[in-house]
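Working notes for the structure below.
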Amino acid sequence: MTQAEANIGVVGLAAMGASLSRNLARHGNTVAVFNRHYSRTQTLITEHGSEGKFVPAQTLEEFVASLAKPRTAIIMVKAGEPTDEMINALADLMEPGDIIVDAGNAYFKDTIKREKAIRARGLHYVGCGVSGGEEGALLGPSMMPGGTDESWQTLGPILKSIAAVAEGEPCVTHIGSDGAGHFVKMVHNGIEYADMQLIAESYDLMRRGLGLTPEEIAEVFEDWDKGDLNSYLVQITSEVLHHTDAKTGKPFIDIVKDQAGMKGTGTWTVQTALELGVPVTGIGEAVFARGLSSTVELRQEAQDKGLEGPKAEGAFSASAADPEERKAFIEDVRQALYASKIVAYAQGFNEMEEGAKVYNWKLDLGAIARIWRGGCIIRAKFLNRISDAYDSGEQFGSLLFDPFFKKAVEGAQDSWRRVVASAVAAGIPVPVFSSSLAYYDALRSKRLPAALIQGQRDLFGAHTYGRVDEPGIFHTLWAADKSELKED
Ligand code: NDP
């Protein structure tokens with residue numbers, strides 16, 4: 001009979017599950033491992049069995065029997081139906097008090113439903129966001145578990161043992177009940193989309209605008225990584241830009257198709273933001289930019305039809321030719337990137353605040369910023385400032401109102417405006433730079449043209465409007481004498 005000795009189990013031993021199992025075993029956990037096809041389990045044990053204590057199982061029954069109580073199993077199988085099948089199969093074999101963890105990228109509303117169903121059976125269900133990819137899973141990811149406080153008692157120490165560590169703290173915290181962990185992971189990914197697109201726009205301005213080589217741009221990013229923009233994404237950008245294609249000897253960036261893929265978390269972030277009424281314009285534009293890059297036929301037709309750009313070819317020619325001007329423009333781009341990045345994070349954090357209200361979560365935004373400092377894709381020095389802002393206890397509606405960020409954006413705005421203006425004049429698309437600036441300007445405008453929209457809506461559809469000088473709801477009799485009716 002199998003001995004119930006494992007304190008944690010992992011189901012699904014493809015790239016993510018195998019790496020997570022090895023990380024768990026390397027940190028003193030006894031790890032039960034199961035995969036639908038036993039060959040993957042065998043490979044794991046043959047190649048990495050010496051890294052720690054594994055308990056391989058050939059059947060799910062054996063796997064469950066090898067877990068000590070409360071049994072805790074992390075599912076790392078293909079998202080969607082296979083995950084649902086595995087949750088049910090495990091729940092059938094487990095007992096009340098046991099814990100099922102879905103560490104895949106699930107949609108938070110599915111996690112809410114699954115948690116409710118599993119809770120009804122007396123078990124705990126934890127939707128856990130995991131960031132850092134395969135390498136993170138092996139060397140230390142950032143993790144965002146939801147679920148009950150009780151499940152965190154068991155799971156917390158296990159996850160802390162394998163999480164990335166940033167400034168002495170493990171990059172994992174109990175995010176909140178049911179779908180909170182997957183919700184926060186979703187927003188993390190949305191911010192990642194904006195961050196990546198902003199870096200891509202910066203590259204484009206230096207490449208197409210200033211005419212720098214990929215190698216020269218790689219050096220600019222290396223330099224930026226030494227300051228406020230210090231981050232994993234900036235670091236890997238230099239690596240990609242330094243890389244030469246082995247087959248052709250060309251810069252790697254020039255042989256890659258310019259069609260960005262996506263798996264859906266960015267889209268979920270934007271859909272959810274629309275439902276919650278939170279304008280995440282930077283993230284939205286970043287998702288649309290990936291979509292637009294992949295409209296291959298449309299883009300080809302635009303080439304075939306010769307869709308023209310601005311007549312003034314080389315709006316950047318002066319900056320490109322003069323080393324001092326070039327240097328100044330690169331600094332402008334750095335400042336624009338910093339300011340736009342602050343806007344993207346401000347919007348993402350607003351989405352989490354609103355989500356917390358609607359779904360009844362108590363999200364600790366300072367703690368969330370802290371667990372994103374290590375292990376995850378958006379890890380960055382800058383997150384320390386965000387956690388400081390939320391930990392200060394000051395109440396503010398947007399990160400942009402925090403004194404540090406307010407000053408940073410105000411200081412960057414002249415550069416930001418020059419960059420957007422130059423890009424527009426040269427016909428280089430900068431959707432996230434420009435939409436973030438538009439968001440900033442809209443936010444600080446005392447009066448917006450929305451008043452005109454309200455007038456139009458009232459005229460064509462009797463949608464009513466509010467007045468600036470009197471409370472209540474009003475409608476104007478447009479077709480008749482244009483007198484005003486107050487509606488109660
Ligand atoms: P895959 O998404 O490629 O899934 C392969 C694994 O799922 C294999 O173990 C496979 O078993 C198993 N599987 C597929 N269908 C079934 C089924 N019907 N029943 C049982 N098992 C099944 O693996 P990854 O390691 O790439 O990803 C695992 C999870 O982690 C996914 O949910 C994914 O979304 C998520 N992920 C998260 C990342 C992150 O950074 N957080 C990055 C990448 C993935 P078999 O070997 O028998 O075919």
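The values are calculated or read from the model by the stated rules, or taken from the named source; none is laboratory data. Predicted model only: the values in this text are computed from it and were never measured. Don't worry about glycine lacking a Cβ; one is built from the backbone with ideal geometry, like all the others, and counts go over all protein chains shown.
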Worksheet item: Before we move on, is Met76 under 28 Å from Val187 (Cα atoms), touching a helix residue (DSSP H, G or I) at 6+ places or on another chain (Cβ under 8 Å) and either surrounded by 15 or more Cβ atoms within 10 Å (Cβ to Cβ) or of a type outside the set (Phe, Trp, Tyr) (or both)?
Response: yes
Worksheet entry | Qualifying residues in segment 349-408 (those that are of a type in the set (Phe, Trp, Tyr) and buried (at least 18 other Cβ atoms within 10 Å of the Cβ)) - the one nearest to Leu229 (Cα to Cα) | Phe382
Item to complete: Determine whether segment 402-418 contains at least one residue that is in contact (Cβ under 8 Å) with a residue 12 or more places away in the chain, aliphatic (A, V, I, L, M) and under 24 Å from Gly132 (Cβ atoms).
Response: no
Item to complete: Within segment 292-344, work out how many residues are assigned to a loop (DSSP other than H, G, I, E, B), under 23 Å from Val419 (Cβ atoms) and in contact (Cβ under 8 Å) with a residue 12 or more places away in the chain.
Response: 6
Discussion item. List pairs: first residue in segment 29-48 and without any contact (Cβ under 8 Å) to a residue 60 or more places away in the chain and more than 18 Å from Thr83 (Cα to Cα), second residue near the ligand (Cβ under 8 Å from one of its atoms) and assigned to a helix (DSSP H, G or I) anywhere in the structure, Cβ distance under 6 angstrom, at least six positions apart or on different chains.
Written reply: Leu44/Ala18
Practice prompt. Looking only at segment 110-128, decide whether some residue is at pLDDT 95 or above, within 8 Å of the ligand (Cβ to nearest atom) and either surrounded by fewer than 24 Cβ atoms within 10 Å (Cβ to Cβ) or part of a loop (DSSP other than H, G, I, E, B) (or both).
Written response: no
Fill in: Count of segment 316-340 residues which are farther than 18 Å from Val234 by Cβ and surrounded by fewer than 21 Cβ atoms within 10 Å (Cβ to Cβ)
11
Worksheet, complete the sentence: With the first residue restricted to segment 137-160 and required to be within 16 Å of the ligand (Cβ to nearest atom), and the second required to be part of a helix (DSSP H, G or I) and charged (D, E, K, R), Cβ contacts under 7 Å at 6 or more apart or on different chains are Leu138/Arg22; Met144/Lys185
Worksheet item: Tell me, which strands (runs of 3 or more DSSP E) lie completely within segment 6-100 with 3 or more residues that are within 14 Å of the ligand (Cβ to nearest atom)?
Response: 8-11, 72-75
